[in-house]
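Enquirer: Have a look at this one before I ask anything.
The values are calculated or read from the model by the stated rules, or taken from the named source; none is laboratory data. These figures come from a predicted structure and were not determined experimentally. For neighbour counting, all protein chains shown are included, and Cβ atoms are generated from backbone atoms with ideal geometry for every residue, glycine included. Remember, those area values only see protein heavy atoms, side chains included, never the ligands or the DNA or RNA. Shrake-Rupley method; radii C 1.70, N 1.55, O 1.52, S 1.80 Å.
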Amino acid sequence: MTDMASCAAIDVVCIASWNADLVSRVTRPMARGETLMAHSFDIQPGGKGSNAAVAAARQGAKVGVIARIGDDDFGRMALSLWTRASIDTEYVEIAQNECSGVAQILVYDDGDNSIAVATGAGSGLGEANVDMACKAIRTAKVVMASNEVPQAATLAAFKIARAAGATTILNPAPAMDLPDELIALCDVLTPNESEAQTLFGRGAAAMIVTMGSQGCALYQKDKLTNPITGWAMNVVDTIGAGDTFTGALAAAIARGESLGQAAESANAAAALSVTGRGAIAAMPTLAQSKNLKNQY
Ligand code: RIB
């Protein structure tokens with residue numbers, strides 16, 4: 001770890017999961033015990049946190065990740081990706097003799113998918129990692145996380161962020177029980193429709209429910225305030241669309257947009273993200289997503 005000279009430049013800190021996505025394309029969901037021949041196989045960058053971090057960086061935010069990766073080829077793939085995306089990697093721990101996270105993904109002909117995640121080294125991300133990055137968290141405008149990282153790390157980071165006045169965003173995916181303490185520390189939650197079911201009525205300050213091609217809906221204190229229409233896109237696959245939404249939302253809040261405006265910006269970015277293969281290939285730049293919004 002180095003000194004914090006560069007911390008002031010980081011707008012968005014992501015408590016980030018990293019997975020190498022092992023993506024097979026098959027016609028349809030598989031039955032239990034069935035073998036299907038895949039059309040293709042790719043290894044692509046993934047992980048809900050890393051995806052959101054890359055999305056925020058493409059939208060022009062200065063992003064730093066707090067992450068734990070393995071000392072393996074997939075870990076080196078993460079570092080290479082983050083470096084190319086100009087994401088700060090000062091707070092990335094390389095865990096010796098541990099494997100990086102992997103996600104086995106089946107993409108169906110209609111663009112939908114199923115995902116099994118083995119978090120690998122990411123499961124060791126904890127308060128110690130967050131403590132080492134506390135100055136970067138304190139000076140960030142937005143701090144974001146997902147349910148793919150250990151809750152203890154998210155709680156520790158959001159406590160620091162809340163005390164410093166940063167906006168906290170949690171993508172509650174994959175769905176799991178969230179303690180009231182964590183919900184109270186979230187300024188914005190970004191669930192999809194099924195993840196949202198257990199969150200209504202729990203006092204969340206703001207929740208933006210993502211609904212795929214139907215757009216999204218901003219709720220403040222459980223009251224619908226901004227329904228936002230979706231975009232008709234040519235869907236190649238939907239991997240990482242929710243992560244793109246969260247990352248683009250973080251970038252928009254960091255550049256000063258209101259929550260309603262930021263939700264519209266994130267909605268456009270997520271729509272564009274489904275037009276390419278894998279999580280990050282079609283994540284748009286700010287100019288690209290503004291161009292889509294201007295077509296409205
Ligand atoms: O949200 C999509 C992501 O979920 C994939 O990139 C995969 O790694 C899993 O984390």
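Enquirer: Do the conditions hold for Met176, that is, is it closer than 28 Å to Ile137 by Cα, of a type outside the set (Gly, Ala, Ser), away from the ligand (no atom under 16 Å from the Cβ) and at pLDDT 95 or above?
Expert: Details: closer than 28 Å to Ile137 by Cα: yes; of a type outside the set (Gly, Ala, Ser): yes; away from the ligand (no atom under 16 Å from the Cβ): no; at pLDDT 95 or above: yes.
Spelling it out, it is not the case that Met176 is closer than 28 Å to Ile137 by Cα, of a type outside the set (Gly, Ala, Ser), away from the ligand (no atom under 16 Å from the Cβ) and at pLDDT 95 or above.
Enquirer: A follow-up question, please. Of the residues in segment 118-149, how many are open to solvent by 20 Å² or more (accessible area, probe 1.4 Å), more than 12 Å from Arg68 (Cα to Cα) and of a type in the set (S, T, N, Q)?
Expert: Going through segment 118-149 one residue at a time, the tally reaches 1.
Enquirer: Take the residues in segment 42-59 that are polar (S, T, N, Q) and farther than 15 Å from Thr89 by Cβ, then tell me which one is farthest from the ligand (Cβ to nearest atom).
Expert: Gln59
Enquirer: Pairs, please: C-beta under 9 Å, at least 6 apart or cross-chain, first residue more than 19 Å from Ala56 (Cα to Cα) and in segment 66-84, second among the basic types (Lys, Arg)?
Expert: Close Cβ pairs (under 9 Å, with a partner that is among the basic types (Lys, Arg)) amount to Ile69/Arg76.
Enquirer: For Asp180, are the conditions met, namely being in contact with a Phe, Trp or Tyr (Cβ under 7 Å, 6 or more places away or on another chain), exposed (fewer than 15 other Cβ atoms within 10 Å of the Cβ) and acidic (Asp, Glu)?
Expert: no
Enquirer: Report those strands (runs of 3 or more DSSP E) wholly inside segment 64-150 carrying at least 1 residues which are over 16 Å from the mean Cα position of the chain (by Cα) and more than 30 Å from Arg28 (Cα to Cα).
Expert: Because the criterion is at least 1 residues that are over 16 Å from the mean Cα position of the chain (by Cα) and more than 30 Å from Arg28 (Cα to Cα), the strands (runs of 3 or more DSSP E) in segment 64-150 that meet it are 88-95.
Enquirer: List the number of the failed condition for Phe74; all other conditions in (1) within 16 Å of the ligand (Cβ to nearest atom); (2) open to solvent by less than 50 Å² (accessible area, probe 1.4 Å) hold.
Expert: Of everything listed in (1) within 16 Å of the ligand (Cβ to nearest atom); (2) open to solvent by less than 50 Å² (accessible area, probe 1.4 Å), Phe74 misses just condition (2).
Enquirer: Could you please give the count of residues in segment 22-35 that are assigned to a strand (DSSP E or B) and surrounded by fewer than 24 Cβ atoms within 10 Å (Cβ to Cβ)? Outline the logic, then answer.
Expert: Step one: list which residues in segment 22-35 are assigned to a strand (DSSP E or B), which gives 22-25.
So of that shortlist, the ones also surrounded by fewer than 24 Cβ atoms within 10 Å (Cβ to Cβ) come out as 22, 24-25.
The total comes to 3.
Enquirer: Taking Ala206 as the residue in question, decide whether it is of a type in the set (Gly, Ala, Ser) and either over 19 Å from Ser17 (Cα atoms) or within 16 Å of the ligand (Cβ to nearest atom) (or both).
Expert: When the stated conditions are applied, Ala206 passes them.
Enquirer: Among the residues that make up segment 126-143, is at least one of them within 14 Å of the ligand (Cβ to nearest atom) and at pLDDT 95 or above?
Expert: The answer is no; no qualifying residue exists.
Enquirer: Listed residues Ala248, Ala196, Ala204, Ala252; which is more than 30 Å from Asp109 (Cβ to Cβ) and under 17 Å from the mean Cα position of the chain (by Cα)? First the steps, then the outcome.
Expert: Numbers: Ala248 fails: more than 30 Å from Asp109 (Cβ to Cβ); Ala196 fails: more than 30 Å from Asp109 (Cβ to Cβ); Ala204 fails: under 17 Å from the mean Cα position of the chain (by Cα).
Going through Ala248, Ala196, Ala204, Ala252 in turn, just one is more than 30 Å from Asp109 (Cβ to Cβ) and under 17 Å from the mean Cα position of the chain (by Cα): Ala252.
Enquirer: May I pose another question? Out of (1) within 16 Å of the ligand (Cβ to nearest atom); (2) under 18 Å from Phe245 (Cβ atoms), the odd one out for Val12 is which?
Expert: Val12 satisfies all of (1) within 16 Å of the ligand (Cβ to nearest atom); (2) under 18 Å from Phe245 (Cβ atoms) except (1).
Enquirer: With respect to Tyr91, is the statement that it is aromatic (Phe, Trp, Tyr), surrounded by fewer than 19 Cβ atoms within 10 Å (Cβ to Cβ) and away from the ligand (no atom under 11 Å from the Cβ) true?
Expert: So Tyr91 does not fit the description; no.
Enquirer: Can you confirm whether segment 49-64 contains a residue that is surrounded by fewer than 24 Cβ atoms within 10 Å (Cβ to Cβ), within 22 Å of Asn171 (Cβ to Cβ) and among the hydrophobic types (A, V, I, L, M, F, W, C)?
Expert: no
Enquirer: Oh, and also: Any idea which of (1) more than 14 Å from Gly49 (Cα to Cα); (2) within 15 Å of the ligand (Cβ to nearest atom); (3) small (Gly, Ala, Ser); (4) open to solvent by less than 10 Å² (accessible area, probe 1.4 Å) is the one Ala103 doesn't satisfy?
Expert: Going through the list (1) more than 14 Å from Gly49 (Cα to Cα); (2) within 15 Å of the ligand (Cβ to nearest atom); (3) small (Gly, Ala, Ser); (4) open to solvent by less than 10 Å² (accessible area, probe 1.4 Å), Ala103 breaks only (1).
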